[in-house]
Amino acid sequence: MLYMIGLGLGDAKDITVKGLEVVRRCSRVYLETYTSVLTVGKEVLEEFYERKLILADREEVEQEADNILKDADISDVAFLVVGDPFGATTHSDLILRATKLGIPYRVIHNASIMNAVGCCGLQLYKFGETVSIVFWTDTWRPESFFDKVKKNRQNGMHTLCLLDIKVKEQSLENLIKGRKIYEPPRYMSVNQAAQQLLEIVQNQRIRGEEPAVTEETLCVGLARVGAEDQKIAAGTLQQMSTVDLGGPLHSLIITGGSLHPLEMEMLSLFTIPENSSEAQSIGGL
């Protein structure tokens, strides 16, 4: 059996009891390491799970999935995913590969950022299509995702923005020369995402377009959702561009315009003080 097991969002103890029982009896246990991160390292997980973990990076999962599935038809293999197993399309691909090989699978779900964002008080059923915001480069500055933000706002829906993670990335030079040298990990912050959004707004104005989002649009920044040091900040997009919510992982919500009174009351718990550019006084849990 191939087991796809969600680990939740916080630390080693967020795994479900059912998931932990499965992990402890599997012959091999893989930990997917590139679509998200936990607040604790591999060694902490191994100590709590009482099992050795095999790290599975993007290359391993996408190009060498057969190694993960090897002997899964005669023994139990676990594939651990931060959040919920279906938080990335890569994991659906692994299940399809297993099915073609006649390997049965079972999914053990857990909390993911897709539902945990409700912690800020915005109602989950009022979220529209989720978008990803990637790190811009000197030559690649995509804006196409902004059309989805516009559509969501036209429909009065909130937009969850998942922010870029760069893990085990190679520089162009090392990639061309075939050198297995990797850049330090990078995790996009709320203020970096907001700065790029503000630039898109300006670009649209220059092109004579009416931007669906402005500097005054109400947004919510979230950091380390599910962890003990979780932070939430509610304010304008302009305020989001300077707020510091600390370490990764971050997410950003662009609200859909009109809010329910209960949503407004909840967001008031996390409002950025008018005279503060720091996150020190921003409400957390």
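The values are calculated or read from the model by the stated rules, or taken from the named source; none is laboratory data. What you see is a predicted model; the values in this text were computed from it and never measured. Here Cβ is always computed from backbone atoms with ideal geometry, including for glycine, and neighbour counts include all displayed protein chains. Protein only, heavy atoms only, side chains kept; ligands, DNA and RNA dropped before computing areas. Shrake-Rupley method; radii C 1.70, N 1.55, O 1.52, S 1.80 Å.
Taking every Cα-Cα distance in segment 112-267 and sorting them into 5 Å bins from zero, the calculated P(r) comes out as 2, 9, 17, 21, 20, 13, 9, 5, 3, 1, 0, 0 percent. All Cα-Cα distances of segment 1-55, cut into 5 Å bins from zero to the largest, leave 4, 19, 36, 30, 10, 1 percent in each bin in turn. The heavy atoms of Ser27 offer some 60 square angstrom of accessible surface to a 1.4 angstrom probe. Within the chain, all pairs of alpha-carbon atoms sorted by distance into 10 Å bins from zero give the percentages 6, 26, 30, 24, 12, 2, 0. Nonpolar atom fraction for segment 116-272, defined as the carbon and sulfur part of the 1.4 Å probe accessible area, stands at 53 percent. Our Cα-only numbers for segment 107-149 put the radius of gyration and Dmax at 14.5, 41 Å.
Note that the chain presents 50 Å² accessible area per residue, ligands and nucleic acids not counted, probe 1.4 Å. Arg51 sits among other residues whose Cβ lies under 13 Å from its own Cβ, and their net charge, with Lys and Arg +1 and Asp and Glu -1, is -1. When Val107, Val22 are compared by accessible surface with a 1.4 Å probe, the order from highest to lowest is Val107, Val22.
State the percentage of accessible surface on segment 1-110 attributable to carbon and sulfur atoms; use a 1.4 Å probe and exclude ligands, DNA and RNA. All intermediate terms of the calculation are to be shown ahead of the outcome.
Numbers: 2630 of 5310 Å².
In segment 1-110, the share of accessible area belonging to carbon and sulfur is 50 percent.
For the residues Asn191, Asn152, Asn115, a GNM of the chain with alpha-carbon springs under 10 Å puts the largest fluctuation on Asn115. Between Leu163, Leu259, Leu222, which gets the highest mean-square fluctuation from a Gaussian network model of the chain, Cα cutoff 10 Å? Maximum among the listed residues: Leu259.
Divide the volume of the convex hull around the Cα atoms of segment 214-274 by the residue count and you get 94 Å³ per residue. Using just the C-alpha positions of segment 1-148 as equal point scatterers, what log10 of I(q)/I(0) does the Debye formula give at each q in 0.21 1/Å? Summing over Cα pairs of segment 1-148 leads to -1.30. The length gained by stretching the chain between Asp66 and Arg186 to full extension, at 0.36 nm per residue less their Cα-Cα distance, is 40.3 nm.
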